[in-house]
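The values are calculated or read from the model by the stated rules, or taken from the named source; none is laboratory data. This structure is a prediction, so every number in the text was calculated from the model and none was measured. Glycine gets a Cβ as well: all are built from the backbone with ideal geometry, and neighbour counts include every protein chain shown. Only protein heavy atoms, including side chains, enter the accessible area calculation; ligands, DNA and RNA are left aside. Shrake-Rupley method; radii C 1.70, N 1.55, O 1.52, S 1.80 Å.
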Amino acid sequence: MGNQLCKRGKLSRWTKRPTGFVHDHQTLPSEIGIRTVSVDKACNFSTTSNLCISIVTWNMNGQVSFEDLADMVGSNRDFDLLVVGLQEAPRKNVATMLLAALDESHTLIGKVAMQSLQLYLFGRKNAGSFIEELQVDKESVGGCGGIIGRKKGAVAIRINYNGISLVFISCHLSAHSRNVEERNYECRHISHSLFSKILNPNSRPAHMIVWLGDLNYRLQGIDTHPARNLIDKDLHHKLHGNDQLLQQAGEGQIFNGFCEGTLTFKPTYKYNKGSSNYDTSHKVRVPAWTDRILFKIEDTYNVEANLRSYESLDEIYGSDHKPVKAQICLRLPQTQSN
C-alpha cells in the first residue's frame with residue numbers, strides 16, 4: 001500500500017530495543033529523520049482494518065467554546081478511537097463538552113492532565129471489552145509555564161486495545177525560534193522519562209507510538225514577510241526546508257524513524273484570534289507549523305499503517321493556533337489479530 005513507510009526494519013545485531021520514544025542511539029542510518037508519507041483517502045482498511053484512530057491536537061490559548069469542539073470532532077464517526085491532545089486548555093470540564101460533541105457515539109476510556117496540558121482517549125460504546133491494559137503518565141519540563149498555568153511537558157496514555165499496543169504522547173514544548181536545542185532536549189527527556197518507572201524494561205515495544213501537540217518548532221532562515229508572501233500564493237510547500245522540526249530530525253537529533261503526513265496545509269501559528277489572519281501585533285511573528293502529529297510503527301509484529309488524512313482545521317477561530325487532525329488505520333496480519 002502506498003504510504004506504509006513508517007515501519008522499523010527487522011531487529012538485527014545492529015539494533016537494540018529503543019531506549020526512548022523519540023531518540024535511539026542505535027538507530028540505523030535509514031531510520032534517521034522524519035519520513036514524509038502521502039495521504040491515502042481511498043483507504044483499503046476502511047472495512048478490513050483492525051483499528052482506525054482519529055487524532056487531533058489543539059493549543060486552545062486558554063479559551064473554549066462548544067461550537068469549536070464540535071467542529072473539531074466533526075460529524076464523521078468513522079473511527080474506533082478518538083485521541084484529543086490539548087495545550088493551554090482552560091479550567092473547564094472539557095471532557096464533558098467533548099462527550100456532548102460526540103453525541104453518544106463514543107465514550108471516555110482514558111484521560112490524563114497536567115494543568116493546562118490534557119489528553120483524552122475516547123472509544124466506541126463497547127470499547128471496555130477490548131481494553132486489556134491502560135496506563136497514564138506525565139512529565140513536566142521547565143519551571144515558568146506552571147506559574148502562569150500554561151504547563152510545558154507531556155502527558156501520555158499507553159493502552160492495549162484489541163491486541164494492539166499503542167502509546168499516545170501529547171506535549172507542549174518551549175517557545176521561541178531560538179530555543180531549538182531546548183526543545184530537542186525536552187523531547188529526549190520526555191522520551192526517556194515517560195513510563196520508565198512503570199514498564200518492565202524487557203517488555204515488548206508498542207505497535208505504534210504517536211506524538212502530538214504544540215511542539216513549537218518554528219521556521220528558520222526566513223523573515224515573516226517573505227514567508228507570508230509564499231503562503232498567500234499557496235506556495236507554502238517551499239517553506240518545508242525552513243522547518244526546524246524537519247531540520248533537527250534530519251540531523252538525527254530527534255524523532256528517528258517517525259513519519260508525518262505531507263504539510264499540505266498552511267502554518268498553524270500565529271493567527272489573530274477570531275480570524276484567519278496571521279499575527280498583526282508589533283511582534284509580527286513568522287508563521288510556523290508548531291502543531292504536529294507524528295507516528296512510528298514498530299515492525300516487530302509486522303503492523304501495517306495507512307494515513308487517511310492529515311489536515312489543519314482552518315475554520316476554527318477560537319485560538320491563535322489552528323487544530324491539526326489526522327486519521328490512521330492499522331492492520332495486523334490475520335495470524336496476529338485472531
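Here are a few things to note about the model shown:
- Peptide packing for 279-290, 90-101 was compared via the average number of neighbouring C-beta atoms within 10 Å per residue; ordered from the highest value, the list is 279-290, 90-101.
- Net +/- balance of residues flanking F265 in space, Cβ distance below 14 Å, scoring K and R +1, D and E -1: -3
- Dividing the C-alpha radius of gyration of the range 85-223 by 2.2 N^0.38 Å, with N its residue count, gives 1.13.
- Here the 3J(HN,Hα) profile of the range 270-285, calculated from phi with Karplus coefficients 6.51, -1.76 and 1.60 at θ = phi - 60°, is 10, 9, 5, 4, x, 8, 10, 9, 5, 2, 10, 5, 5, 7, 6, 4 Hz, Gly and Pro shown as x.
- Exposure rank, largest accessible area first [K138, K296, K151; 1.4 Å]: K138, K151, K296
- Spherically averaged projected area of the convex hull of Cα atoms, the range 190-309: 9.9 nm².
- Length available on full extension from K273 to A100: 0.36 nm per residue minus the Cα-Cα distance, which gives 59.8 nm.
- The range 81-137, Cα convex hull volume normalised per residue, Å³: 68 Å³
- Between S281 and K41, the distance separating the two model label sites (each 7 Å from Cα on the Cα→Cβ line) works out to 3.6 nm.
- Accessible surface for D223 stands near 110 Å², nearest 10, in the context of the full protein assembly shown (1.4 Å probe).
- Neighbours of I159, meaning other residues whose beta-carbon lies under 10 angstrom from its beta-carbon, give a summed charge of -1 when Lys and Arg score +1 and Asp and Glu score -1.
- Per-residue extension of 0.36 nm, minus the Cα-Cα distance of Q220 and Q63, leaves a gain of 53.6 nm for this segment.
- For the range 118-128, 3J(HN,Hα) per residue [Karplus equation, 6.51 cos²θ - 1.76 cosθ + 1.60, θ = phi - 60°, Hz, x = Gly/Pro]: 9, 9, 10, 10, 10, x, 4, 4, 8, 4, x
- Taking the range 154-217 and dividing mean pair separation by its residue count, relative contact order in percent (alpha carbons under 8 Å, at least six apart): 48 percent
- From phi via Karplus (6.51, -1.76, 1.60), per-residue ³J(HN,Hα) for the range 304-314 in Hz, x at Gly/Pro: 10, 10, 9, 8, 8, 7, 7, 8, 9, 9, 6
- Residue order by solvent-accessible surface for Y317, Y310 is Y317, Y310, largest first, with ligands and nucleic acids left out and a 1.4 Å probe.
- q = 0.20, 0.24 Å⁻¹, the range 242-338: log10 I(q)/I(0) [Debye, one scatterer per Cα]: -1.03, -1.22
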